[in-house]
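Asker: Below is a structure I'd like to ask you about.
The values are calculated or read from the model by the stated rules, or taken from the named source; none is laboratory data. What you see is a predicted model; the values in this text were computed from it and never measured. Glycine also receives a Cβ, built like all others from the backbone with ideal geometry; neighbour counts cover every protein chain displayed. Accessible surface areas use protein heavy atoms only, side chains included; no ligands, DNA or RNA. Shrake-Rupley method; radii C 1.70, N 1.55, O 1.52, S 1.80 Å.
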Amino acid sequence: ILSRLGAASLTIVRERAMSVPAVLSQSDQDHNVSSDAPSDVPNRLIVVSNQLPIIAARKTDDNGMSFWDFTWDESSIYMHIKDALPAALEVFYVGALRADVGTSEYNDVSKTLLDRFNCVAPVSFLRGLQDPANEKRDLESRMFGLDHQLKRGYIFLEYNGRSIEIKIKASGIHVGQMESYLSQPDTRLKIQELKKRFEGKTVLLGVDDLDIFKGVNFKVLAMEKLLKSHPGSSWLGRAVLVQILNPARGRGQDVVEINDEIRTICVRINTELGSPGYQPIVFIDWPISLSEKAAYYAVSEVAIVTPLRDGMNLIPYEYVVSRQGVDDPNANNPKKSMLVVSEFIGCSPSLTGAIRVNPWDVEDTAEAMFTALMASDLHKETVHLKHYHYITTHDVANWARSFFQDLEQTCIDHSHKRCVNLGFGLDTRVVLFDQKFSKLDTDILENAYSMAKNRAIILDYDGTITPSISKSPTEAVISLINKLCNDPKNMVFIVSGRSKENLGNWFSACEKLAIAAEHGYFIRWAGDQKWETCARENSVRWMEMAEPVMNLYTEATDGSYIEKKETAMVWHYEDADKDFGSDQAKELLDHLENVLANEPVAVKRGQYIVEVKPQGVTKGIVVEKIFAFMSEKGKQADFVLSVGDDKSDEDMFVAIADGITKGQITNNNSVFTCVVGEKPSAAEYYLDETKDVSTMLEKLGHLSNQG
């Protein structure tokens, strides 16, 4: 998957000394291991990219023994990231090694990469990049079922307690490096050599990898079309396309076939349109140095970068900087450059003066090449100046600093968290918890309960006071709720995603119980009162679109079913196969988000459910109404207990924290937000399972009876 991200895509991870995951040893198998003790590991930056910034070459020593020789890849922007970062920061790289390493060499190669270069290549990547056409690709929500938020133009995820920010920003090049190549004597010599070789000619340049997606075959056909379509323009005999073809990144039959196709086309064009002293296509498929490549950039009037599909592609940037050269910028020698670029490459939007083309359209590309050649000097100078200014102000240092600053901001909270290993074997995961997050101490809870006069008890239903597989509450649960409701100091609320019909029928014996149904869309303050609608009326026409989609997944997933409410629809899969049901839920989530993209609804995934509900309806709104209601009655809460088990309950916990900030709770030390199960949460406490919740509520009910 990483190899499909493109030439300038990466993930940056910052590790702090206080959040280094502990390692489970053999003696730790019966409990979780926390790493909240200080560590002497320095701050480090982990850069995960499609390729390591390493060149690997197989060599032979004097005794005829072969060995691997590794050097830094000076052309890789990833290597230059650290140039813009604090010197004390340790930088590690994770990615694919462009080499076919044998199985017996894995350990030695891995050790060398780590010890000498701070590079890590997972075993699957040590085999080299495979044929991209055969790689499995999937979407940052269908694979993991993660919800995301958009903030400040970035994508934010919460995963195992971590705040993950996905930022999309065009990368740049190391301008100083390109300028250093141009100032080298051998580069200057090569430039003079090329000028003499192409004297009287106009050079168009293409620099591409040998890849089916680079569109080199279409590019040379466009060159042929250009020369044949404008015979009177005298470009035939004068225009030359120099095509530099870098070694293939992948392997496979498709690479062999595209190489043969390009060669065949070039030979045919040169045979048909060439003449003594003139070849329309100059084909370079052998390795050339970066300084030699810079020389070709410098002598080319137009660069043609037209992949069918690509990542960022920094060839246009290198070309523009090379055309600027290293002469005195104040000298009276205006620089010129022209670009023809594919609309399918990442750098295209930033090059506002470039001529954009659909590379599949050979005739369109040919006309763009002709337009570039015929442009006036003034136009070429204006375009060049605009591009050069952008490229030099948005170089790789700017790119790295921007990511690093955002990373620092994202990681602020991580320094206040502790790492815990949960699970065993392949299910082991490192989870971040707030330092204050701990198991609920019921003794402290009972003491606070006994001293309080105005208590708010807010409880989720499924997975909290009853197991998720339960439908209606047991008599024991009804009795427990009534004990709490009969205490005049208590306001007890059930806040659930269930329908008002079900909840109203199930808790009909609890006359003093307040209920919020369908996540708070409907509220009833007591058994003898009518249901209130707490959100504006919404059309439910979207159900006609959602129901057929849910039916498809219900038919395909044994054990699943649909619950249709007045304002929401829920797909349940708790009785389905665990793994298959989870996979189907991810697919359904993605499917519904696409189908309902323009509808006023939210599609959420919860504990064994996928739910569609009206936008703006959350359990947090219910909490706000409870605090407001108690304040109006002159009974401002001095004790709050809220318990839930899934994502929808997080809104309750956040709203309670906001209530503390707003002064809606008189005793901040008597606030207990609790999640069922040890997992990352906005709650301050956790209990292991529903029976622990029942035991806790029984104790509180007993205290009420004593009172």
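Asker: Among residues belonging to the range 474-498 that are within 13 Å of residue 693 (Cβ to Cβ) and out of contact with any Cys (no Cβ under 9 Å at 6 or more places or on another chain), point out the one that is surrounded by the fewest Cβ atoms within 10 Å (Cβ to Cβ).
Answerer: For the range 474-498, the residue satisfying everything is 476.
Asker: Among the residues of the range 388-405, what is the count of those that are surrounded by 19 or more Cβ atoms within 10 Å (Cβ to Cβ), closer than 20 Å to residue 46 by Cα and among the aliphatic types (A, V, I, L, M)?
Answerer: 2
Asker: May I pose another question? What's the number of the condition residue 408 fails, among (1) among the charged types (D, E, K, R); (2) part of a helix (DSSP H, G or I); (3) surrounded by 17 or more Cβ atoms within 10 Å (Cβ to Cβ)?
Answerer: (3)
Asker: Is there a residue in the range 693-701 that is closer than 21 Å to residue 609 by Cβ and part of a strand (DSSP E or B)?
Answerer: Kept after step one, since they are closer than 21 Å to residue 609 by Cβ, are these residues of the range 693-701: 693.
Those left that are additionally part of a strand (DSSP E or B): none.
The answer is no, given that none of the residues of the range 693-701 is closer than 21 Å to residue 609 by Cβ and part of a strand (DSSP E or B).
Asker: Please find, among 240, 203, 207, the residue that is open to solvent by less than 30 Å² (accessible area, probe 1.4 Å) and out of contact with any helix residue (DSSP H, G or I) (no Cβ under 8 Å at 6 or more places or on another chain).
Answerer: Values: 203 fails: out of contact with any helix residue (DSSP H, G or I) (no Cβ under 8 Å at 6 or more places or on another chain); 207 fails: out of contact with any helix residue (DSSP H, G or I) (no Cβ under 8 Å at 6 or more places or on another chain).
Being open to solvent by less than 30 Å² (accessible area, probe 1.4 Å) and out of contact with any helix residue (DSSP H, G or I) (no Cβ under 8 Å at 6 or more places or on another chain) holds for just one of 240, 203, 207, which is 240.
Asker: Here's another thing I want to ask about it. Mind listing whichever residues of the range 203-221 are more than 15 Å from residue 263 (Cα to Cα) and in contact with a Pro (Cβ under 9 Å, 6 or more places away or on another chain)?
Answerer: Scanning the range 203-221 gives a single hit, 213.
Asker: Could you count how many residues in the range 506-556 are over 17 Å from residue 458 (Cα atoms), out of contact with any Phe, Trp or Tyr (no Cβ under 7 Å at 6 or more places or on another chain) and aliphatic (A, V, I, L, M)?
Answerer: 8
Asker: A further question on this structure: Hey, can you tell me all the residues within the range 85-98 that are in a loop (DSSP other than H, G, I, E, B) and touching a strand residue (DSSP E or B) at 6+ places or on another chain (Cβ under 8 Å)?
Answerer: Initially, the range 85-98 is screened for residues in a loop (DSSP other than H, G, I, E, B), giving 85-89, 97-98.
Scanning the range 85-98 gives 85, 89, 97, 98.
Asker: Criterion first (hydrophobic (A, V, I, L, M, F, W, C) and modelled with pLDDT under 95) does residue 205 satisfy it? Let's see the steps before the verdict.
Answerer: Values: hydrophobic (A, V, I, L, M, F, W, C): yes; modelled with pLDDT under 95: no.
It is false that residue 205 is hydrophobic (A, V, I, L, M, F, W, C) and modelled with pLDDT under 95.
Here's the yes/no breakdown for (1) more than 27 Å from residue 74 (Cβ to Cβ); (2) at pLDDT 95 or above:
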{"site": "250", "(1), (2)": "no, no"}
{"site": "254", "(1), (2)": "yes, no"}
{"site": "280", "(1), (2)": "yes, yes"}
{"site": "286", "(1), (2)": "no, no"}
{"site": "306", "(1), (2)": "no, yes"}
{"site": "333", "(1), (2)": "yes, no"}
{"site": "344", "(1), (2)": "yes, no"}
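Asker: Sort out which residues of the range 625-653 are in contact with a helix residue (DSSP H, G or I) (Cβ under 7 Å, 6 or more places away or on another chain), under 14 Å from residue 459 (Cα atoms) and part of a helix (DSSP H, G or I), and write them in order of number.
Answerer: Across the range 625-653, the qualifying residues are 648, 649, 651, 652.
Asker: Another question, if that's okay. Applying the selection to the range 575-601, what residues are over 22 Å from residue 543 (Cα atoms) and aliphatic (A, V, I, L, M)?
Answerer: Listed by number, the list holds a single entry, 576.
Asker: Moving on to the next point. Report yes if some residue within the range 358-366 is open to solvent by less than 80 Å² (accessible area, probe 1.4 Å), closer than 29 Å to residue 216 by Cα, modelled with pLDDT of 95 or more and within 30 Å of the chain's Cα centre (by Cα); otherwise report no.
Answerer: yes
Asker: Residues of the range 610-631 being modelled with pLDDT of 90 or more, more than 13 Å from residue 491 (Cα to Cα) and open to solvent by 20 Å² or more (accessible area, probe 1.4 Å), which ones?
Answerer: 621, 624
Asker: Determine if the range 153-161 includes at least one residue that is acidic (Asp, Glu), farther than 30 Å from residue 59 by Cα, at pLDDT below 80 and surrounded by fewer than 16 Cβ atoms within 10 Å (Cβ to Cβ).
Answerer: Within the range 153-161, the subset acidic (Asp, Glu) is 158.
Remaining after also requiring farther than 30 Å from residue 59 by Cα: 158.
Subset that is at pLDDT below 80: 158.
Adding the requirement that they be surrounded by fewer than 16 Cβ atoms within 10 Å (Cβ to Cβ) leaves none.
Within the range 153-161 (the criterion being acidic (Asp, Glu), farther than 30 Å from residue 59 by Cα, at pLDDT below 80 and surrounded by fewer than 16 Cβ atoms within 10 Å (Cβ to Cβ)), the answer is no, since none of the residues qualifies.
Asker: Could you identify the single residue in 304, 288 that is of a type outside the set (Gly, Ala, Ser), open to solvent by 10 Å² or more (accessible area, probe 1.4 Å) and outside any helix (DSSP H, G or I)?
Answerer: Values: 304 fails: open to solvent by 10 Å² or more (accessible area, probe 1.4 Å).
Selected residue: 288, the only one of 304, 288 that is of a type outside the set (Gly, Ala, Ser), open to solvent by 10 Å² or more (accessible area, probe 1.4 Å) and outside any helix (DSSP H, G or I).
Asker: State whether the residues of the range 499-507 include one that is surrounded by fewer than 22 Cβ atoms within 10 Å (Cβ to Cβ), of a type in the set (D, E, K, R) and within 44 Å of the chain's Cα centre (by Cα).
Answerer: Yes, the conditions are met somewhere in the range 499-507.
Asker: Going residue by residue through the range 424-439, is there one that turns out to be open to solvent by less than 30 Å² (accessible area, probe 1.4 Å) and within 17 Å of residue 641 (Cα to Cα)?
Answerer: Restricting attention to the range 424-439, the residues satisfying the condition of being open to solvent by less than 30 Å² (accessible area, probe 1.4 Å) are 431-433, 437.
Imposing the further condition that a residue be within 17 Å of residue 641 (Cα to Cα) reduces the set to 437.
The answer is yes; a qualifying residue exists.
Asker: In addition: Here are 262, 269, 244, 212: which of them is within 39 Å of the chain's Cα centre (by Cα) and part of a helix (DSSP H, G or I)? Full working, then the answer.
Answerer: Numbers: 269 fails: within 39 Å of the chain's Cα centre (by Cα); 244 fails: part of a helix (DSSP H, G or I); 212 fails: part of a helix (DSSP H, G or I).
Just one listed residue meets the conditions, 262.
Asker: Kindly provide the set of residues from the range 47-78 that are assigned to a loop (DSSP other than H, G, I, E, B) and acidic (Asp, Glu), ordered by number.
Answerer: Passing the criteria: 61, 62, 73, 74.
Asker: Return a yes/no flag: does the range 331-342 have any residue that is open to solvent by less than 30 Å² (accessible area, probe 1.4 Å) and under 30 Å from the mean Cα position of the chain (by Cα). Don't jump to the end; show me each part of the working.
Answerer: Here is the first cut: in the range 331-342, the ones open to solvent by less than 30 Å² (accessible area, probe 1.4 Å) are 337-342.
Still in the running and under 30 Å from the mean Cα position of the chain (by Cα): 341-342.
Yes, some residue in the range 331-342 is open to solvent by less than 30 Å² (accessible area, probe 1.4 Å) and under 30 Å from the mean Cα position of the chain (by Cα).
Asker: Tally the residues that are of a type in the set (S, T, N, Q), open to solvent by 30 Å² or more (accessible area, probe 1.4 Å) and assigned to a strand (DSSP E or B), restricting the search to the range 654-692.
Answerer: Final tally of qualifying residues: 0.
Asker: Residues of the range 72-101 being surrounded by fewer than 11 Cβ atoms within 10 Å (Cβ to Cβ) and modelled with pLDDT of 90 or more, which ones?
Answerer: Going residue by residue through the range 72-101, those that are surrounded by fewer than 11 Cβ atoms within 10 Å (Cβ to Cβ) are 86-88.
Hits for the range 72-101: nothing passes.
Asker: Looking at this structure, is residue 195 basic (Lys, Arg) and either surrounded by 14 or more Cβ atoms within 10 Å (Cβ to Cβ) or at pLDDT 90 or above (or both)? Quick ask: steps written out before the conclusion?
Answerer: Values: basic (Lys, Arg): yes; either surrounded by 14 or more Cβ atoms within 10 Å (Cβ to Cβ) or at pLDDT 90 or above (or both): yes.
The answer is yes for residue 195.
Asker: Could you count how many residues in the range 237-264 are among the β-branched types (Val, Ile, Thr) and closer than 25 Å to residue 200 by Cβ?
Answerer: Looking only at the range 237-264, we keep the residues that are among the β-branched types (Val, Ile, Thr), and these are 240, 242, 244, 255-256, 258, 262, 264.
Adding the requirement that they be closer than 25 Å to residue 200 by Cβ leaves 240, 242, 244.
Within the range 237-264, residues that are among the β-branched types (Val, Ile, Thr) and closer than 25 Å to residue 200 by Cβ number 3.
Asker: Same structure, new question: Being of a type in the set (D, E, K, R) and open to solvent by 50 Å² or more (accessible area, probe 1.4 Å) is the filter here, so list the residues in the range 56-71 that pass it. Outline the logic, then answer.
Answerer: At the first step, the residues of the range 56-71 found to be of a type in the set (D, E, K, R) are 58-59, 61-62, 69.
58, 59, 61, 62 - these are the residues of the range 56-71 that are of a type in the set (D, E, K, R) and open to solvent by 50 Å² or more (accessible area, probe 1.4 Å).
Asker: On to the next question. Using the structure shown, decide if residue 348 is in contact with a helix residue (DSSP H, G or I) (Cβ under 7 Å, 6 or more places away or on another chain), of a type in the set (S, T, N, Q) and crowded, with 20+ Cβ neighbours inside 10 Å. Spell out the reasoning first.
Answerer: Numbers: in contact with a helix residue (DSSP H, G or I) (Cβ under 7 Å, 6 or more places away or on another chain): no; of a type in the set (S, T, N, Q): yes; crowded, with 20+ Cβ neighbours inside 10 Å: yes.
No: the conditions fail for residue 348.
Asker: Moving on. Name the single residue, out of those in the range 598-609 being farther than 21 Å from residue 533 by Cα and open to solvent by less than 70 Å² (accessible area, probe 1.4 Å), that is modelled with the lowest pLDDT.
Answerer: Going through the qualifying residues, I end up with 606.
Asker: Looking at 651, 646, can you tell me which residue is open to solvent by 10 Å² or more (accessible area, probe 1.4 Å), under 31 Å from the mean Cα position of the chain (by Cα) and at pLDDT 90 or above?
Answerer: Every option except 651 fails the conditions.
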